[in-house]
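Enquirer: Quick one: this structure, given as structure tokens, is what I'll be asking you about.
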Amino acid sequence: MWQHLALFIIRFRLSLIAVLAVITVFMAYKAKDVEMTYDFAQVVSEKDPDMLYFRQFKRTFGEDGNVLVIGLQDSSVYKLGNFNEFRLLTDTLAKIEGVNGVLSVSKLLNITKDTANNSFKAAPIFKNPPRSQKELDSLMRVVNSVEFYKGQLISPNTGATLLALTMDPKYLNSSKRQAVMNQILGFSGQFEKKTGIKLHYAGLPYVRSTMTSKVAGEMKFFTILAMIVTGITLLAFFRTWSAVLFPLIVVGITVVWCIGSIVLLGFKINLLTGLIPSIIIVIGIPNCTYLLSRYHYDYRKSGNQMLAMTRVIRKIGLVTLMNNTTTAIGFIVFAFTDIAILYQFGLVATINIFAAFIISFILIPAAFTFLPPPTPKQLEHLDAAPLTKLLEFFDHLVLDRRGTVYLAALVLVAGAAIGISRIESVSYMVDDLPKKSSVNSDLAFFESHFNGVMPLEFEVDTHKKKGLFKLRNLEKIDQFEKYLRTQPELSPPVSLVTFLKASTQAFYNGDPRFFRLPDNSEKNFILSALANSKSAATGAGMNSKLLRSFADSTGQKARISLKIADIGSQNLDTLMNTKIIPEMNRIFKGTGMDIRPTGTTIIFTKGNEYVIHTLRDSLFMAFGLVGLVVLLLFRSVKTVFFALIPNAVTLILTAGIMGYFNIALKPSTALIFVIALGIDGDNSIHLLAKFRQEMALNGGRVREAISVTLSEAGTSMIYTSIVLFVGFSIFAFSEFGGTKALGMLMSASLLITNFSNLILLPALLVTFEHGKDDVSTNALIRHYDESYHEEDDDADLNLNQMHKAADYEGDYTI
């Protein structure tokens, strides 16, 4: 099969290149429509009960993660000139398309009693811009007397002020998001220049906008950087620009296909899929390295370009395909999850890993059969002295010091076990960004002045129509809210109860002492007055948008909304499970009401646990699939053992490094193990295939087979590891903590796999392989490179076909 494929590729190389060009142009056309996204909810299955509940909650009460807050702590804002600039900023932001509303000190409403109409009315506290400092001070005293706003817009302890922008969800989830954010930041920047007052930004819209911008920037940066570093590495190996240019063209085409496939599949670029182009470059280059190094070797043997390239395709095609399959396993297992962000990452990566294989096996043979043959200087890398000495040292360890190898492996695994015991599973909403980033520093500002800005929600269900307006039910909700106010990580809650308290205060002419629930004698009058306040414009009616966001249309369900500091998944679990939920259950026990926490923060925390558990299952699946590939290739259960044990050691040592360097286990770091298993498995298959071939050639003499295997297969394995190590090292320059950890841990894994597959695996083969169970005659890998040392290995090759293949192009004859 591979012989016919080799002849086909060379005979129709121009046609195949034309096909690649057409597909690439089409993919480039589709790639222009790619969009960015950063959605916390993508980490939880759409079928998860908590996710279904959260979606129902949003249908009832609206979005919880569409508020952007801008804060400041500067008393000069209450100077007349600065305050009017602040008022102008508020009015300007409210007019931006994509902003549904703005709440700030300058736009606050004061609810007052309308005795004549038995209703409440709401009027702006600042009807017109204040004209004097005295007028401003007087109006601010009115603001400070409204208990409803305390802790919401003005910090009672520090005097910090914020304004809150409610964003249109349609804009948040579309390509228009960044344009809206740019306008907001632009007008806010003008305010800072005019007043000298520093502004701080937070809220999920801001975090998402910042994240998507950085993902887009890093995707371009790492794609270019991966091209540069892999190009330099290839030049160092092969010492010819053609061996740099064409592999880079291969991976460049693959990147275009990658982005185009994201669009064709209906996906968007997120934190994970944004890594795929640079990962594809790093993973795709080894295909070219395998082809070129073997082409150089066979050309030095035969002195014939066409013959050498045909032998390359024929002899390493299957093994390279299986290597790519093993690499793809590290990604394809994600496509079996029901987590959107992992599914998209796995599917896109898998498709483009095989695309890189196809492109390289067409373009490299086609290009290098047109180019001049390699010069003796370009072939010198085949006899690199440092590499030869290193492999001779490995051979000495494997043949003469196996006890030392096993002892070293046991010591390293034991040390890694200690490191693994130190690993903690914790993540933060924005922990992928560096601690010194503006997002984190601004978040710290809001946590110190307003106890955080991350959304936390509770839904109360009375199970009865208008059950919310029973005083005993309101009192239970109030009791729970008072408990929530005692928790330092939480902001003061807002709910129907809070609104009724404000109405009671208004009923008593704004006296702050009456910011409480109405008693039985007051309740009917206040509820009646609220019912008579029909105008949505006043913001005070029961049918107003404000009230509808805290109670459903039937009066059965209520929403308690508050903000929480980004305290981390571990601390959030502790807070919820040891404090809030037990107290919640105690208060509402026997009331006939149900209460349940929800919101983006809860979903995010659950998503971390869900993803980690899913990745654990995916790792086991990956082990099974790699074992299945090895079994299919070699038809030997023992060989499966030889392949999996060294790679298990690699993963254990990598996990140990995580523990010693305090790298937390979270979704962005947990997926490393699955990817590493797929990539590291390539070396195992490569070495085992060469070992089986040598065993068949020398009559089952294990020691001789190991020596030849290390000498010949070890070279390409080390080259590949160096390329991958350098390639993944670039991610250490990322601003995202998870991406940086990916680079560090994958690089460490690639160093460790040289010990596992070039020392430990051969040692196991020498110890347990006695040459008795020669590779099965049914094994797919049996004929892999089996004539490696024979000059007559091409006797079965139809040289007439080779002449036709060359003559067909009219430019080369054998």
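Enquirer: Tally up the residues in segment 130-170 that are under 21 Å from I111 (Cα atoms) and part of a helix (DSSP H, G or I), please.
Expert: Going through segment 130-170 one residue at a time, the tally reaches 14.
Enquirer: Looking only at residues in segment 209-221 that are touching a residue at least 60 places away in the same chain (Cβ under 8 Å) and among the charged types (D, E, K, R), which one is farthest from P247 (Cα to Cα)?
Expert: Restricting to residues being touching a residue at least 60 places away in the same chain (Cβ under 8 Å) and among the charged types (D, E, K, R), the top hit is K214.
Enquirer: A further question follows. Under the condition of being β-branched (V, I, T) and modelled with pLDDT under 85, which residue from segment 604-628 is nearest to the chain's Cα centre (by Cα)?
Expert: V611
Enquirer: Scan segment 727-750 and give yes if some residue there is aromatic (F, W, Y), buried (at least 23 other Cβ atoms within 10 Å of the Cβ) and touching a Gly at 6+ places or on another chain (Cβ under 9 Å), otherwise no.
Expert: Among the residues of segment 727-750, at least one is aromatic (F, W, Y), buried (at least 23 other Cβ atoms within 10 Å of the Cβ) and touching a Gly at 6+ places or on another chain (Cβ under 9 Å), which makes the answer yes.
Enquirer: Working only within segment 493-510, note down all residues that are surrounded by fewer than 19 Cβ atoms within 10 Å (Cβ to Cβ) and farther than 19 Å from N532 by Cα.
Expert: Matches in segment 493-510: G510 only.
Enquirer: All but one of (1) part of a loop (DSSP other than H, G, I, E, B); (2) free of Cβ contacts under 8 Å to residues at least 12 places away in the same chain; (3) not hydroxyl-bearing (S, T, Y) hold for I224; which doesn't?
Expert: (1)
Enquirer: Only residues that are in contact with a Leu (Cβ under 7 Å, 6 or more places away or on another chain) and free of Cβ contacts under 8 Å to residues at least 60 places away in the same chain: list them for segment 436-481, please.
Expert: The answer is N440, L474, E475, D478.
Enquirer: Using the structure shown, decide if A558 is of a type in the set (G, A, S) and either modelled with pLDDT under 85 or in a helix (DSSP H, G or I) (or both).
Expert: No; evaluated as a whole, the condition is false for this residue.
Enquirer: Give the residues of segment 618-638 that are touching an Asp or Glu at 6+ places or on another chain (Cβ under 9 Å) and either surrounded by 15 or more Cβ atoms within 10 Å (Cβ to Cβ) or farther than 19 Å from A763 by Cα (or both), sorted by residue number.
Expert: S636
Enquirer: Moving to a separate point now. K214 is checked against (1) modelled with pLDDT under 90; (2) part of a loop (DSSP other than H, G, I, E, B) and fails just one. What number does that condition carry?
Expert: (2)
Enquirer: Output the residue which, of all residues in segment 66-108 that are surrounded by fewer than 16 Cβ atoms within 10 Å (Cβ to Cβ) and among the acidic types (D, E), is farthest from P205 (Cα to Cα).
Expert: The qualifying residue farthest from P205 (Cα to Cα) is D91.
Enquirer: Looking at this structure, is L761 at pLDDT 85 or above, buried (at least 20 other Cβ atoms within 10 Å of the Cβ) and among the aliphatic types (A, V, I, L, M)?
Expert: For L761, the condition - at pLDDT 85 or above, buried (at least 20 other Cβ atoms within 10 Å of the Cβ) and among the aliphatic types (A, V, I, L, M) - is met.
Enquirer: Moving on to the next point. If you scan segment 59-97, which residues turn out to be at pLDDT below 90, of a type outside the set (D, E, K, R) and part of a loop (DSSP other than H, G, I, E, B)?
Expert: Hits for segment 59-97 are G62, G65, N66.
Enquirer: Scan A696, A664, A689 and give me the residue that is under 34 Å from the mean Cα position of the chain (by Cα) and of a type outside the set (K, R).
Expert: Testing whether each residue is under 34 Å from the mean Cα position of the chain (by Cα) and of a type outside the set (K, R) leaves just A664.
Per-residue answers, yes or no, for (1) at pLDDT below 85; (2) not in a loop (DSSP other than H, G, I, E, B):
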| site | (1), (2) |
| --- | --- |
| P247 | no, yes |
| V250 | no, yes |
| I253 | no, yes |
| S261 | no, yes |
| L271 | yes, no |
| I280 | no, yes |
| I283 | yes, yes |
| T289 | yes, yes |
| Y297 | yes, yes |
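Enquirer: Sticking with this structure for a sec: Pull up segment 544-597, narrow it to residues that are of a type in the set (D, E) and closer than 27 Å to N66 by Cβ, then point me to the one that is surrounded by the fewest Cβ atoms within 10 Å (Cβ to Cβ).
Expert: D594
Enquirer: Additional query: If N100 passes every condition in (1) among the polar types (S, T, N, Q); (2) within 42 Å of the chain's Cα centre (by Cα); (3) at pLDDT 90 or above but one, which one does it miss?
Expert: Among (1) among the polar types (S, T, N, Q); (2) within 42 Å of the chain's Cα centre (by Cα); (3) at pLDDT 90 or above, N100 violates only (3).
Enquirer: Checking the condition under 27 Å from F354 (Cα atoms), surrounded by fewer than 21 Cβ atoms within 10 Å (Cβ to Cβ) and in contact with a Leu (Cβ under 9 Å, 6 or more places away or on another chain), which residue from I672, I722 passes? Please lay out each step first, then the result.
Expert: On the way: I672 fails: surrounded by fewer than 21 Cβ atoms within 10 Å (Cβ to Cβ).
Criteria check complete, one pass: I722.
Enquirer: Give the residue that is farthest from L484 (Cα to Cα), with candidates limited to residues of segment 587-627 that are of a type in the set (K, R) and not in a helix (DSSP H, G or I).
Expert: K589
Enquirer: Let me ask something additional. State yes or no: is P518 out of contact with any Gly (no Cβ under 7 Å at 6 or more places or on another chain), at pLDDT 85 or above, surrounded by fewer than 19 Cβ atoms within 10 Å (Cβ to Cβ) and part of a loop (DSSP other than H, G, I, E, B)?
Expert: No; evaluated as a whole, the condition is false for this residue.
Enquirer: Determine which single condition D796 fails, assuming it passes every other condition in (1) modelled with pLDDT under 50; (2) assigned to a helix (DSSP H, G or I).
Expert: Going through (1) modelled with pLDDT under 50; (2) assigned to a helix (DSSP H, G or I) one by one, D796 breaks only (2).
Here's the yes/no breakdown for (1) buried (at least 20 other Cβ atoms within 10 Å of the Cβ); (2) more than 21 Å from L688 (Cβ to Cβ); (3) modelled with pLDDT of 85 or more:
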site	(1), (2), (3)
R300	no, yes, no
G303	no, yes, no
L318	no, no, no
N323	yes, no, no
I329	yes, no, yes
A349	yes, yes, yes
F361	yes, yes, yes
P372	no, yes, yes
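Enquirer: Shifting gears a bit: Being at pLDDT below 85 and at negative phi is the filter here; which residues of segment 147-157 pass it?
Expert: Those that are at pLDDT below 85 and at negative phi: E147, F148, Y149, K150, Q152, P156, N157.
Enquirer: Now for a separate question. Criterion first (of a type in the set (S, T, Y) and at pLDDT below 85) does Y201 satisfy it?
Expert: no
Enquirer: Now a separate question. When residues of segment 127-174 are filtered for being among the aliphatic types (A, V, I, L, M) and more than 25 Å from G98 (Cα to Cα), how many remain?
Expert: The total comes to 8.
The values are calculated or read from the model by the stated rules, or taken from the named source; none is laboratory data. These numbers were taken from a predicted model, which means no experiment stands behind them. For neighbour counting, all protein chains shown are included, and Cβ atoms are generated from backbone atoms with ideal geometry for every residue, glycine included.
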